[in-house]
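The values are calculated or read from the model by the stated rules, or taken from the named source; none is laboratory data. Quick caveat: nothing in here was measured; it's all calculated off a predicted structure. Reconstructed Cβ throughout: ideal geometry from the backbone, glycine too, with neighbour counts over all protein chains shown.
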């Protein structure tokens, strides 16, 4: 076995080298290069957020489809992502981080739902949360993407407004 | 002073016991279990993905969409499994290196839809140490001391920079209870989307009705993270790691976000399990089967 001082010199060099690689990778990749990270989750307190929610609107009249809602007045039936094996975070990030909604992007979104779309119409809501001056939280549900078994419709104004908000 | 710091962290003077060896093998098994859990669960999910929204890691330099088809994610999970077994049974020195490279590929394919998940980072960071430790040291007991010292250092460092990220992004007002309410509202929408129902538990009701309790909860979490570096010191390690475990349990109760692999690593790293195993084996000496010394 090597002498303790030799071992300590070796581990010191190794730790410093790994630390340098860690810092170099996260500083050149916006804080993330798995498994290295600056762990920025929940670091921006009070910042507005965008999530998404899906409703089964197969039997909902067209007149009710494209109205902004609160959680108590959403039309249609709940469409739970969990039992369908779809990650809610994936869907929310798909909605909140997409700049362009071209054919490829829409096909990618539809692929996530797989066979669930064969006999259903699903509405993806753009859910926006904000904290106002009085520490009151407002949550708005805006209809965003309507997925029918054979076609997809998108609120282009909302997509454009969202794109302008993205960095 | 630096030499003393590394001496305390790696403790090469420590005479390795049977308890140390058993503890380390259990720690290694735990890392492998979570590695396989992540690689297979991601492997089954990746074929559902059809487009790259946010390229991460190596995917910034290559088109990762090739992983979505032809069951390549399953093939990768199989390679990771075989490499893990070879590394664990000491049949191939570069096994853990292949595991970490394969898991990186699996991660960037799985999280190409925009989410940046941190549920597997601690396992990944520890795996990097296991890959380097096995390559850099020949003797088993030196590998074990390096991997544990490395794990204390980088896990503690990770929590510390997470606290610093909060200070940089928001400042000293980060623990404002209203911020927690915002994240709770966000998670409520997530759970609504996932289950089709809105349900609040007892702890969420308490936190959402008291700004003071919400603020204290955030302040506790932030202080715990900022003091993560205390894991580097053997004397303070059980206390700070217990605080971090409590922080994760709090996040689970209030935000319904679970980090089981991080929690498992913290439980392993927090307490003097090796000494407990030695006490147990001494007490039941002759009753338990002998463990061969591994060096």
* Asked: Does residue B:43 satisfy being in contact with a strand residue (DSSP E or B) (Cβ under 6 Å, 6 or more places away or on another chain) and closer than 30 Å to residue B:147 by Cα?
  -> no
* Asked: Does residue B:146 satisfy being within 9 Å of chain A (Cβ to nearest Cβ) and crowded, with 23+ Cβ neighbours inside 10 Å?
  -> yes
* To do: Considering (1) within 14 Å of another protein chain (Cβ to nearest Cβ); (2) at pLDDT 95 or above; (3) surrounded by fewer than 19 Cβ atoms within 10 Å (Cβ to Cβ), say which one residue B:43 fails and leave the rest.
  => (3)
* Take the residues in the stretch A:109-121 that are more than 14 Å from the chain's Cα centre (by Cα) and either modelled with pLDDT of 95 or more or in a helix (DSSP H, G or I) (or both), then tell me which one is farthest from residue A:157 (Cα to Cα). => A:115
* **residue A:47 being assigned to a loop (DSSP other than H, G, I, E, B), within 9 Å of chain B (Cβ to nearest Cβ) and surrounded by fewer than 18 Cβ atoms within 10 Å (Cβ to Cβ)** => yes
* To do: Taking residue A:86 as meeting all but one of (1) under 30 Å from residue B:69 (Cα atoms); (2) in contact with a strand residue (DSSP E or B) (Cβ under 9 Å, 6 or more places away or on another chain); (3) more than 10 Å from chain B (Cβ to nearest Cβ), write down the number of the exception.
  => (3)
* To do: For the stretch B:164-188, name all the residues that are more than 15 Å from residue B:222 (Cβ to Cβ), out of contact with any helix residue (DSSP H, G or I) (no Cβ under 8 Å at 6 or more places or on another chain) and at the interface with chain A (Cβ under 8 Å from one of its Cβ atoms).
  => B:182, B:185, B:186
* Asked: Which is farther than 26 Å from residue A:25 by Cα, facing another protein chain (nearest Cβ under 10 Å) and surrounded by 15 or more Cβ atoms within 10 Å (Cβ to Cβ), of B:23, B:6, B:12?
  -> B:12
* Go through the stretch A:97-113 residue by residue and tally those that are facing chain B (nearest Cβ under 7 Å) and either surrounded by 14 or more Cβ atoms within 10 Å (Cβ to Cβ) or more than 17 Å from residue B:68 (Cβ to Cβ) (or both). => 6
* Applying the selection to the stretch B:104-141, what residues are crowded, with 23+ Cβ neighbours inside 10 Å, within 7 Å of chain A (Cβ to nearest Cβ) and over 18 Å from the mean Cα position of the chain (by Cα)? -> B:113
* To do: Scan the stretch B:120-132 and give yes if some residue there is assigned to a loop (DSSP other than H, G, I, E, B) and closer than 23 Å to residue A:23 by Cβ, otherwise no.
  => yes
* Qualifying residues in the stretch A:50-73 (those that are in contact with a strand residue (DSSP E or B) (Cβ under 6 Å, 6 or more places away or on another chain) and part of a loop (DSSP other than H, G, I, E, B)) - the one modelled with the highest pLDDT -> A:57
